[in-house]
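Below is one structure, written out as structure tokens; the observations come after it.
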């Protein structure tokens, strides 16, 4: 029997290319090969014990029913408290909505802001799902080339040049994926001013906030107070598989976001929301900070070592857990390079193809989501791989 | 400062009208009033103990990381096993994808099938979120009036009349919300034939499957094998707040659904997926069946009692936990009636306005998600309310 034709967006949305590499890595492992995984965008630490225990208690206490669409009031208040204690900002909890992961927040943000045919500016390279949230609502992702010259961040100048009358919003990430770079306070202020001038939305993805290894990153809600800010319990708070995030929207938009959430999600996971309450306890925050120190140590180890092997990593990526390397002095095609590196050396990395349209063949992303001894092993293998090839 | 203009769909998507009633009910309760809740679309039973304990164990064992986008392989296999044991159907687990609630499945189904400007047939009355999943992807919800004459189900004849060249899909529910009625095998076969002939999608929402109180309901995968079937662990399996569902798609579409899920959700909740494995154990199934018996008892108690009070409920709604009553012999405006019933008698019900466009003012939905003694109390109050008003 013939099936109906699928939507055009079904064809425009691409799977992640790294999935094929990941499948091959699993295959090699099934055959007994040892693989160092540097392709994974997930902390290798399990959910911190106080949070896990809070989740277990939530279940024991029977917190298994629906919650209000906007989220557990106590959790919205706790997040407001976090903005106060960490950033010195007073954010009305009524502006904070709890979402099924940052993914849910991005669906809501784009659904609120982008009509079909309008365009959304996205820095290129960037998080591959972002363009597909734009595709979901049939808006047009407009990749704006960013490079080391602007720390891979979308600057007000680049954004102003890329804007036109059909632009509905800009979506930036800080710290960014795949580059680990931060937006400056001046960038955020400039983007906010541009958004105001052009009457367009500004969405700032802060899901790696908290994971930074130098000066404190600028907080969008301070420098762009009307931005729609997306965050997550996945990365800094270590709750990936629980699927919990949040968004902060301008006060007037909170009822709009809430009605979208009622309709699209009903509510975010109840056990996860109760567990997340524990994320803001002293004990949990200490664990998160010790993990941040571990990530910093890994970055400090990996960055110079990769550079000494010929990987060109501009600037000093100061956040998230990624290094984005220009490999054009080592190969012509980073995808083939990643395949060979996996097959021959047992090291899995993510090719630029998943992150950018401009020069994907020149780039690779290394995630330092594995411990230093494994990173050392990977470096040894890469050294051998490069020596064999040259 | 002026905020940017929101998308047109932000205005088209309506909040649930029952939310205002619910807020008022909470207010009354805060002032000490006792309210009988018959507006809630959620079983009053907590998650069954074997499932809850499996969730706690999953956490203890550290199952807190991301899972594959398509879901935990063991859970996909367990669901295939359920189709085999309960319906005698062999479903390839590769066609089963685990989603964040049935809500997630409906987003994926509509994103796969409906391009902007195309229309999707929906029975009216129906589940209010359905038209908004259609709005999300800027397709056009086309309400097709159904009534007691077809058991409130979209028949092949009604659907054929409503189809045009812009129709992308039909979305039906069995058992249906708000009516609790079932699609017949002949209906499903006819809709499948129409879908085939017109080259359009057929989505069948079976989230209340398992909750039926007469003859076994027809299973869409038997009578419409190429339908996209949406299901959930929320209702029969009692896991509402965990946010877990699944979808079954034609084999060729599984990679498409999977790439959409990778991008839009990353994956469904990990603790929830491990917990759900326990849903198919003998012990858990016994609990679900005893709850089904309790729902049946409530329905058998409530249905004749409401009729004797003058609520017109056609047919014998045989599934879910809803009765949809025509109240036109009792009032002119069901919304005002629901408000008065709440204020004066302390009984909360859902007005037709949330479910239909054709004759919302004539209808009310009663949910029997509270125990028989509370239903008896509600009936007593309604009796008094009607007597006072007449």
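The values are calculated or read from the model by the stated rules, or taken from the named source; none is laboratory data. These numbers were taken from a predicted model, which means no experiment stands behind them. Don't worry about glycine lacking a Cβ; one is built from the backbone with ideal geometry, like all the others, and counts go over all protein chains shown.
What tally of residues in the stretch A:352-376 results from selecting those that are closer than 20 Å to residue A:307 by Cβ and at pLDDT below 95?
Counting residues in the stretch A:352-376 that are closer than 20 Å to residue A:307 by Cβ and at pLDDT below 95 gives 1.
Would you point out which residue out of A:154, A:158 is touching a residue at least 12 places away in the same chain (Cβ under 8 Å), in contact with a helix residue (DSSP H, G or I) (Cβ under 8 Å, 6 or more places away or on another chain) and part of a helix (DSSP H, G or I)?
Among A:154, A:158, only A:158 is touching a residue at least 12 places away in the same chain (Cβ under 8 Å), in contact with a helix residue (DSSP H, G or I) (Cβ under 8 Å, 6 or more places away or on another chain) and part of a helix (DSSP H, G or I).
Kindly indicate which of B:227, B:220 is away from every other protein chain (no Cβ under 14 Å), at pLDDT 95 or above and under 29 Å from residue B:136 (Cα atoms). So that I can check it myself, show each step before the final result.
Values: B:227 fails: away from every other protein chain (no Cβ under 14 Å).
Of B:227, B:220, the one residue that is away from every other protein chain (no Cβ under 14 Å), at pLDDT 95 or above and under 29 Å from residue B:136 (Cα atoms) is B:220.
Out of the stretch A:260-290, which residues are within 12 Å of chain B (Cβ to nearest Cβ) and outside any helix (DSSP H, G or I)?
Within the stretch A:260-290, A:265, A:266, A:267, A:268, A:269 qualify.
Filter the stretch B:117-149 down to the residues that are out of contact with any strand residue (DSSP E or B) (no Cβ under 9 Å at 6 or more places or on another chain) and surrounded by fewer than 19 Cβ atoms within 10 Å (Cβ to Cβ), then identify the one that is farthest from residue B:324 (Cα to Cα).
B:149
Checking the structure you have, find out if any residue of the stretch B:300-318 is assigned to a strand (DSSP E or B) and more than 14 Å from chain A (Cβ to nearest Cβ).
Yes.
Specify the residue that is modelled with the lowest pLDDT; the eligible residues are those in the stretch A:36-79 that are touching a strand residue (DSSP E or B) at 6+ places or on another chain (Cβ under 6 Å) and surrounded by fewer than 21 Cβ atoms within 10 Å (Cβ to Cβ).
Among those residues, the one meeting the criterion is A:40.
Within the stretch B:115-149, which residues are at the interface with chain A (Cβ under 8 Å from one of its Cβ atoms) and within 17 Å of the chain's Cα centre (by Cα)?
B:128, B:129, B:132, B:133
Is the stretch B:333-348 home to any residue that is in contact with a helix residue (DSSP H, G or I) (Cβ under 7 Å, 6 or more places away or on another chain) and loosely packed, with under 15 Cβ neighbours inside 10 Å?
Yes, there is a match, as at least one residue in the stretch B:333-348 is in contact with a helix residue (DSSP H, G or I) (Cβ under 7 Å, 6 or more places away or on another chain) and loosely packed, with under 15 Cβ neighbours inside 10 Å.
Given the residues A:202, A:194, A:244, A:188, which is the only one that is farther than 25 Å from residue A:279 by Cα, within 14 Å of chain B (Cβ to nearest Cβ), modelled with pLDDT of 95 or more and buried (at least 24 other Cβ atoms within 10 Å of the Cβ)? It would help to see each step written out before you state the result.
On the way: A:194 fails: buried (at least 24 other Cβ atoms within 10 Å of the Cβ); A:244 fails: farther than 25 Å from residue A:279 by Cα; A:188 fails: within 14 Å of chain B (Cβ to nearest Cβ).
Exactly one of A:202, A:194, A:244, A:188 is farther than 25 Å from residue A:279 by Cα, within 14 Å of chain B (Cβ to nearest Cβ), modelled with pLDDT of 95 or more and buried (at least 24 other Cβ atoms within 10 Å of the Cβ), namely A:202.
So is residue B:207 crowded, with 24+ Cβ neighbours inside 10 Å and away from chain A (no Cβ under 11 Å) or not?
Yes: the conditions hold for residue B:207.
Can you find, within the stretch B:98-114, the residue that is nearest to the other protein chains (Cβ to nearest Cβ) among those that are within 20 Å of residue A:244 (Cβ to Cβ) and outside any helix (DSSP H, G or I)?
Step by step, filter the stretch B:98-114, then rank; the result is B:100.
Could you list, in sequence order, all residues of the stretch B:115-151 that are closer than 19 Å to residue A:136 by Cα, touching a residue at least 24 places away in the same chain (Cβ under 8 Å) and in a helix (DSSP H, G or I)?
The answer is B:129, B:130, B:132, B:133, B:134, B:135, B:136.
Taking the stretch B:11-22 as the region of interest, how many residues are in a helix (DSSP H, G or I) and surrounded by fewer than 19 Cβ atoms within 10 Å (Cβ to Cβ)?
Let us first name the residues in the stretch B:11-22 that are in a helix (DSSP H, G or I), namely B:11-12, B:18-22.
Keeping just the survivors that are surrounded by fewer than 19 Cβ atoms within 10 Å (Cβ to Cβ) gives B:11-12, B:19-20.
The number of residues fulfilling the criteria is 4.
Restrict the check to the stretch A:272-283 and report whether at least one residue is crowded, with 17+ Cβ neighbours inside 10 Å and over 18 Å from residue A:231 (Cα atoms).
no
Of all residues being crowded, with 23+ Cβ neighbours inside 10 Å and assigned to a helix (DSSP H, G or I) in the stretch B:247-259, which is farthest from the other protein chains (Cβ to nearest Cβ)? Just the residue, please.
B:257
Quick one: is residue A:30 more than 12 Å from chain B (Cβ to nearest Cβ), surrounded by fewer than 18 Cβ atoms within 10 Å (Cβ to Cβ) and out of contact with any strand residue (DSSP E or B) (no Cβ under 7 Å at 6 or more places or on another chain)?
Yes, satisfied.
Only residues that are at the interface with another protein chain (Cβ under 10 Å from one of its Cβ atoms) and in contact with a strand residue (DSSP E or B) (Cβ under 7 Å, 6 or more places away or on another chain): list them for the stretch A:1-17, please. First the steps, then the outcome.
Of the stretch A:1-17, the ones at the interface with another protein chain (Cβ under 10 Å from one of its Cβ atoms) are A:1-11, A:13-16.
Selection gives A:4 alone.
Does the stretch A:318-331 include one or more residues that are on the phi > 0 side of the Ramachandran plot, under 22 Å from the mean Cα position of the chain (by Cα) and buried (at least 20 other Cβ atoms within 10 Å of the Cβ)?
The initial filter retains those residues of the stretch A:318-331 that are on the phi > 0 side of the Ramachandran plot, namely A:320.
Restricting the remaining residues to those that are under 22 Å from the mean Cα position of the chain (by Cα) gives A:320.
Narrowing the set further to residues that are buried (at least 20 other Cβ atoms within 10 Å of the Cβ) leaves A:320.
Checked against the condition, which is being on the phi > 0 side of the Ramachandran plot, under 22 Å from the mean Cα position of the chain (by Cα) and buried (at least 20 other Cβ atoms within 10 Å of the Cβ), the stretch A:318-331 yields at least one hit.
Right, residue A:166: without any contact (Cβ under 8 Å) to a residue 12 or more places away in the chain and either within 14 Å of another protein chain (Cβ to nearest Cβ) or over 30 Å from residue A:294 (Cβ atoms) (or both) or not? Give the derivation first.
Numbers: without any contact (Cβ under 8 Å) to a residue 12 or more places away in the chain: no; either within 14 Å of another protein chain (Cβ to nearest Cβ) or over 30 Å from residue A:294 (Cβ atoms) (or both): yes.
Judged against the criteria, residue A:166 is not a match.
Residue A:358 - would you say it is buried (at least 19 other Cβ atoms within 10 Å of the Cβ) and part of a loop (DSSP other than H, G, I, E, B)? Spell out the reasoning first.
Values: buried (at least 19 other Cβ atoms within 10 Å of the Cβ): no; part of a loop (DSSP other than H, G, I, E, B): yes.
So residue A:358 fails the test.
Yes or no: residue A:25 surrounded by 13 or more Cβ atoms within 10 Å (Cβ to Cβ), touching a strand residue (DSSP E or B) at 6+ places or on another chain (Cβ under 8 Å), in a helix (DSSP H, G or I) and not assigned by TED's automatic domain parsing to the domain that holds residue A:137?
yes
Run down A:214, A:210, A:190, A:201 and say which single residue is under 20 Å from residue A:164 (Cα atoms) and touching a residue at least 40 places away in the same chain (Cβ under 8 Å). Quick ask: steps written out before the conclusion?
On the way: A:214 fails: under 20 Å from residue A:164 (Cα atoms); A:210 fails: under 20 Å from residue A:164 (Cα atoms); A:190 fails: touching a residue at least 40 places away in the same chain (Cβ under 8 Å).
None of the others qualify; the one that does is A:201.
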